[in-house]
């Protein structure tokens, strides 16, 4: 009896362990910590379009309009390599000769006080206008108006040391700008194929190529104004007045009046008939008198 109780107790303990182990494994490999975010930030010198932080929208120089483009930011959930992307935006062509890239880099929105021993952040490669650059030296993690940023292009300071050599010229296509980086030193590794890793946000129309052209059809009021201006210009060139609705109406009235004057009014016709009748009567009377 004692042996049976002992065996039963051992079986129960074994069963409890079988249940507890998966639970413990799930706790270890469940939702990973979110150490922060990262994304591409940029500012165009002398033109001033910008995206100041990963938490802000890309705006024009007066911050009145959202610039159409798409950003792929990432949640940093552990050690590993990440890729951040900007696509759909480039400096308009008539501005390119006068501009440079004030800043293009990766902002790391992390609690660096909490993870001060972490941070080994390494930029691996960058692709701009289809050209892939590798880093000969790591840019410093700078504190700036854009937050904590590792800058790739920097017209205000030094560009990153890359192969091929990086310059501060603006990119000229809406093709994806991609920057890959590696994080190490955190307490956990990133979860492979994490669906929550990437944060894709389309701003405005998603790409400036989707924006309507400035010379598209004007609103009706503007079209009427343009039409009126064109008519005025034609008058000035030819020295004639462009007919309007009022002048056309007046012209029609004058034509009708002339037509009436030409054909005569009904009263005039009646007077002529009456006059003719009187003449006939007088003639008959004279003839009758002559016979007598």
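The values are calculated or read from the model by the stated rules, or taken from the named source; none is laboratory data. Since we're looking at a predicted model, the values are computed, not measured. We place every Cβ from the backbone using ideal geometry, glycine too, and count neighbours over all the protein chains shown.
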Checklist entry - Condition test on residue 137, is it within 27 Å of the chain's Cα centre (by Cα) and either more than 30 Å from residue 187 (Cβ to Cβ) or exposed (fewer than 13 other Cβ atoms within 10 Å of the Cβ) (or both)? => result no
Next on the checklist: Here is a check on your reading of the model: is residue 186 in contact (Cβ under 8 Å) with a residue 24 or more places away in the chain, assigned to a loop (DSSP other than H, G, I, E, B) and more than 22 Å from the chain's Cα centre (by Cα)?
Outcome noted: yes
Item to check | Tabulated pairs, segment 112-128, first in the same structural domain as residue 176 (by TED's automatic domain parsing) and modelled with pLDDT of 95 or more, second surrounded by 13 or more Cβ atoms within 10 Å (Cβ to Cβ) and in a loop (DSSP other than H, G, I, E, B), C-beta under 6 angstrom, 6+ apart or interchain | outcome: 128/171
Checklist outcome for this item: Picked from segment 66-79 (must be surrounded by fewer than 22 Cβ atoms within 10 Å (Cβ to Cβ) and at pLDDT 95 or above), the residue nearest to the chain's Cα centre (by Cα) is 68
Checklist entry - Given the residues 163, 172, which is the only one that is in contact with a helix residue (DSSP H, G or I) (Cβ under 9 Å, 6 or more places away or on another chain) and in the same structural domain as residue 60 (by TED's automatic domain parsing)? => result 172
Checklist entry - When segment 189-206 is examined, which residues are found to be loosely packed, with under 14 Cβ neighbours inside 10 Å and either over 29 Å from the mean Cα position of the chain (by Cα) or over 24 Å from residue 56 (Cα atoms) (or both)? => result 189, 192, 193
Checklist entry - Of the residues in segment 167-183, how many are surrounded by 15 or more Cβ atoms within 10 Å (Cβ to Cβ) and in a strand (DSSP E or B)? => result 6
Checklist entry - Can you name every residue in segment 189-198 that is closer than 24 Å to residue 127 by Cα, in contact (Cβ under 8 Å) with a residue 12 or more places away in the chain and assigned to a loop (DSSP other than H, G, I, E, B)? => result 190, 194, 196, 197
